[in-house]
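Trainee: I have a structure here, written as structure tokens, and I will follow up with some questions on it.
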Amino acid sequence: MTYEGDTPSTRERIITEAMRLFAERGYRGTTVGDIEEAAGLAPRAGGLYKHFASKDEVVTAGIERHVAEIEAMHSAMDMMPLGDVRAELTLIARWALHELRSEQNMMKIVFRDGDQFPQLVELFSERIVNRGYREAATVIGRIFENAGVRDRDPNAIAAIALGSLVHYRIEETMFGRPPAGVEEDEFVETWVEVWTRVADSGNVRNAVSA
């Protein structure tokens, strides 16, 4: 990759290119020389080791940087409430899918090589994944409570609702195409319609079976 203009620091270039290569080739399939070359350094000349002690340290820095970037971003929940169930559900779906798209490389690394970095996977799970479920449960719980839905745990509803968004992006990431060929706009529209009906019905069981 060629860097021009206001270029990032060498350290940041190493992290960025390493994470891209880890996602494409796997951690084991990516050499230090590959990372150096992609970052614009002379391969196998020791440039990486001026900034990191090892390849392990690079992936650690990459995951920690990603977690910090996601935490620094404003979530859709910061804009709530909007006073309109359909608008709120649409915002949740769009925001979640946007966030998940930004995490595609991370997902590939976790799926492929997560067994080598259990502590980093746990960090990603707790500070990004679980945070998303907690925020969604708070908003969905409020929406459904206002609609009179009190016969189900909002955490369970959030797990199902958010889980379907996660699955959509994971399948797209893994196979290069959306589930069943359903385009994102159509998927979001249908997702919002289903959960709006649930909220409007006041009864989860009846709405899902309708």
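Trainee: So the check is Cβ under 6 Å with 6+ separation or different chains; which pairs have a first residue in the stretch 84-111 that's assigned by TED's automatic domain parsing to the domain that holds H167 and under 15 Å from E135 (Cβ atoms) and a second one that's surrounded by fewer than 16 Cβ atoms within 10 Å (Cβ to Cβ) and modelled with pLDDT under 85?
Mentor: Correct list of pairs: E88/L82.
Trainee: To continue, here is another question. With the structure loaded, tell me whether E135 is surrounded by 18 or more Cβ atoms within 10 Å (Cβ to Cβ) and either touching a Phe, Trp or Tyr at 6+ places or on another chain (Cβ under 9 Å) or part of a helix (DSSP H, G or I) (or both) or whether it fails that test.
Mentor: Values: surrounded by 18 or more Cβ atoms within 10 Å (Cβ to Cβ): yes; either touching a Phe, Trp or Tyr at 6+ places or on another chain (Cβ under 9 Å) or part of a helix (DSSP H, G or I) (or both): yes.
In short, yes.
Trainee: Something else now. Can you find, within the stretch 166-186, the residue that is farthest from Q104 (Cα to Cα) among those that are surrounded by 11 or more Cβ atoms within 10 Å (Cβ to Cβ) and of a type in the set (A, V, I, L, M, F, W, C)? I'd like the intermediate steps shown before the answer.
Mentor: Our first condition is that a residue be surrounded by 11 or more Cβ atoms within 10 Å (Cβ to Cβ); within the stretch 166-186, this holds for 166-174, 178-179, 182, 184, 186.
From what is left, the residues that are of a type in the set (A, V, I, L, M, F, W, C) are 166, 170, 174, 182.
On the way: V166: 11, I170: 8, M174: 9, V182: 19 Å.
So the residue we want is V182.
Trainee: Would the stretch 188-208 turn up any residue that is more than 19 Å from E88 (Cα to Cα), assigned to a helix (DSSP H, G or I), hydrophobic (A, V, I, L, M, F, W, C) and modelled with pLDDT of 90 or more?
Mentor: No, the stretch 188-208 contains no residue that is more than 19 Å from E88 (Cα to Cα), assigned to a helix (DSSP H, G or I), hydrophobic (A, V, I, L, M, F, W, C) and modelled with pLDDT of 90 or more.
Trainee: Are there any pairs with C-beta distances below 9 angstrom linking a residue in the stretch 29-51 that is under 13 Å from A18 (Cα atoms) and in contact (Cβ under 8 Å) with a residue 12 or more places away in the chain to a residue that is assigned to a loop (DSSP other than H, G, I, E, B) and of a type in the set (A, V, I, L, M), with the two at least 6 apart or on different chains, and if so which?
Mentor: Cβ pairs passing all conditions: I35/L41; E36/A42; E36/A45; A38/M1; A39/M1; G40/M1; L48/A39; L48/L41.
Trainee: Out of curiosity, is E122 outside any loop (DSSP other than H, G, I, E, B) and either outside the structural domain of G163 (by TED's automatic domain parsing) or buried (at least 18 other Cβ atoms within 10 Å of the Cβ) (or both)? Spell out the reasoning first.
Mentor: Numbers: outside any loop (DSSP other than H, G, I, E, B): yes; either outside the structural domain of G163 (by TED's automatic domain parsing) or buried (at least 18 other Cβ atoms within 10 Å of the Cβ) (or both): no.
No: the conditions fail for E122.
Trainee: Can R177 be described as in the same structural domain as A93 (by TED's automatic domain parsing), within 18 Å of the chain's Cα centre (by Cα) and not in a helix (DSSP H, G or I)? Lay out the reasoning, then the answer.
Mentor: Details: in the same structural domain as A93 (by TED's automatic domain parsing): yes; within 18 Å of the chain's Cα centre (by Cα): yes; not in a helix (DSSP H, G or I): yes.
Yes.
Trainee: Another one. Starting from the stretch 118-129, keep only residues that are over 15 Å from N105 (Cβ atoms), then list their pairs with residues that are among the β-branched types (V, I, T) whose Cβ atoms are within a distance under 7 Å, requiring at least 6 positions of separation or different chains.
Mentor: L123/I63; L123/V67; R127/V67
The values are calculated or read from the model by the stated rules, or taken from the named source; none is laboratory data. This one's a predicted model, so the numbers in the text were calculated from it and none came from an experiment. So basically every Cβ, Gly included, is an ideal-geometry build from the backbone, and we count neighbours across all protein chains shown.
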